[in-house]
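Notes to accompany the following structure.
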Amino acid sequence: MQKIIVVTGGNRGIGLEICKQLAAKGHIVIMGCRDEEKGKQVADSINGVVIPKKLDVTNKEDAIKIAKETTELFGPIDVLINNAGVMSQDNVLEVSAEEQRRVMETNVLGPLQMTQAFAPFMQESDDPRIINISSQMGQRYAQTADHSAYRLSKYTLNGLTLQLADALPNFKVNCMHPGWVKTDMGGESAPLSVEEGADTAVWLATAEGISSGGFYCERGVMEW
Ligand SMILES: NC(=O)c1ccc[n+]([C@@H]2O[C@H](COP(=O)([O-])OP(=O)(O)OC[C@H]3O[C@@H](n4cnc5c(N)ncnc54)[C@H](OP(=O)(O)O)[C@@H]3O)[C@@H](O)[C@H]2O)c1
């Protein structure tokens, strides 16, 4: 069945590949991007229906506008993939409050605000799903002092996923680790391609028999 799917940070990296794979499966993809021009350029190169929309995940009003326009055109939104994220290079004893805020704003408040904006427009879906792209660096076992703002943001995002799963019992709300993926964030040494990195998100968005409140990696539940 064709789904209506919103992907944040869809203009490059793992988000772009998620858009490509979902469009190739015949779904209607709303590609959130901060720079609409860049979004249009990449969306035009994808086979299938990919609609670029200007969306900074720190802007809830824009998200509500997109949700309204999308439901008017296509009906209820089925899936929200909170993919947009930023990395930090820091140490917990030195990280500034400003840097912590920057990372939390995008990686935690972003998914929270996007969910608050889109969830009311997903209630009529037969199978509403939210997927938060987290990281292995968000696991309890991975809370080392380096990249501290990033690690803490993903740890918090995992907790937020549980809260949202509780608040939205008719939804499937999950978070996941894409693996270490060759992107601007992951760098050239990463072992995985974007195709591999996008796989679990696409599976969580479309497969049958998915439950709610899990942390996934390589299509399996992982402890965090
Ligand atoms: N790559 C890895 O190895 C890896 C591993 C674990 C988890 N992850 C997670 O996977 C997700 C995607 O990572 P990636 O490697 O594809 O990163 P990336 O190549 O750096 O791309 C990040 C994307 O997020 C967007 N973005 C950042 N801040 C945003 C904001 N405020 N509003 C809207 N969009 C925003 C960027 O948009 P602009 O182009 O406008 O900057 C870009 O599209 C992230 O959540 C990341 O933490 C990645």
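The values are calculated or read from the model by the stated rules, or taken from the named source; none is laboratory data. Source: prediction; values computed, not measured. No Cβ is skipped: glycine too gets one built from the backbone with ideal geometry, and neighbour counts run over all protein chains shown. Side chains included, ligands, DNA and RNA excluded: accessible areas come from the protein's heavy atoms. Shrake-Rupley method; radii C 1.70, N 1.55, O 1.52, S 1.80 Å.
Things to note:
- Any hit, segment 84-95, residues being assigned to a helix (DSSP H, G or I), farther than 18 Å from G39 by Cβ and more than 13 Å from the ligand (Cβ to nearest atom): no
- Within segment 101-114, the set of residues being more than 13 Å from I133 (Cβ to Cβ) and either open to solvent by less than 30 Å² (accessible area, probe 1.4 Å) or in contact (Cβ under 8 Å) with a residue 24 or more places away in the chain (or both) comprises R102, V103, M104, E105, L109, L112, Q113.
- Residues of segment 145-177 that turn out to be within 11 Å of the ligand (Cβ to nearest atom) and closer than 17 Å to E223 by Cβ, as a count: 6
- P120 meets the conditions (1) more than 18 Å from M31 (Cβ to Cβ); (2) free of Cβ contacts under 8 Å to residues at least 12 places away in the same chain in every case but one. The failed one is (2).
- Positions within segment 24-49 being of a type in the set (A, V, I, L, M) and open to solvent by less than 20 Å² (accessible area, probe 1.4 Å), in sequence order: I28, V29, I30, M31, A43, I46
- Of all residues in segment 159-208, those that are part of a loop (DSSP other than H, G, I, E, B), hydrophobic (A, V, I, L, M, F, W, C) and farther than 21 Å from K25 by Cα total 5.
- For segment 115-132, the set of residues classified as open to solvent by 10 Å² or more (accessible area, probe 1.4 Å) and farther than 17 Å from E61 by Cα consists of Q123, E124, S125, D126, D127, listed by residue number.
- The residue of segment 1-31 that is nearest to the ligand (Cβ to nearest atom), among those that are free of Cβ contacts under 8 Å to residues at least 60 places away in the same chain, under 14 Å from the mean Cα position of the chain (by Cα) and not in a helix (DSSP H, G or I), is N11.
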